[in-house]
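Notes for the one structure printed next.
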């Protein structure tokens, strides 16, 4: 989660830099809520794009995790948007959507339950090849 947070901070830093270049009047009444909404949309675009294009963000690739639909298929835009919005709402309610996983029978987050998605662990080719070598004795 820390790895994901660091990458997201970098993305949001660049996005806020662009926002500040375009909207220079920081004393405007709408500057702060506008920036917050803009960054929320940028974060949503980051996550939904990765979830719909391979099901993995860069940290998820590192940890060999993938977001899939409840049936195991790829995640579509509607599911990715729902997952993101439910996750944001769950986090704003004191992390209740995250804490949910401690009590869920399948250890799913609340936003995964509501969006019809789940996180699965995947195996890489390198692991399968090394396992085959170990069993053949070479």
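The values are calculated or read from the model by the stated rules, or taken from the named source; none is laboratory data. Given the structure is predicted, the values throughout are model-derived calculations rather than measurements. Please note: Cβ atoms are built from the backbone with ideal geometry, for glycine as well, and neighbour counts cover all protein chains shown.
See the values below:
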| read-out | value |
| --- | --- |
| Subset of segment 112-138 that is touching a strand residue (DSSP E or B) at 6+ places or on another chain (Cβ under 8 Å) and surrounded by 10 or more Cβ atoms within 10 Å (Cβ to Cβ) - its residue that is modelled with the lowest pLDDT | 122 |
| Test for residue 61: is it touching a strand residue (DSSP E or B) at 6+ places or on another chain (Cβ under 7 Å), farther than 14 Å from residue 115 by Cα and either surrounded by 12 or more Cβ atoms within 10 Å (Cβ to Cβ) or in contact (Cβ under 8 Å) with a residue 40 or more places away in the chain (or both) | no |
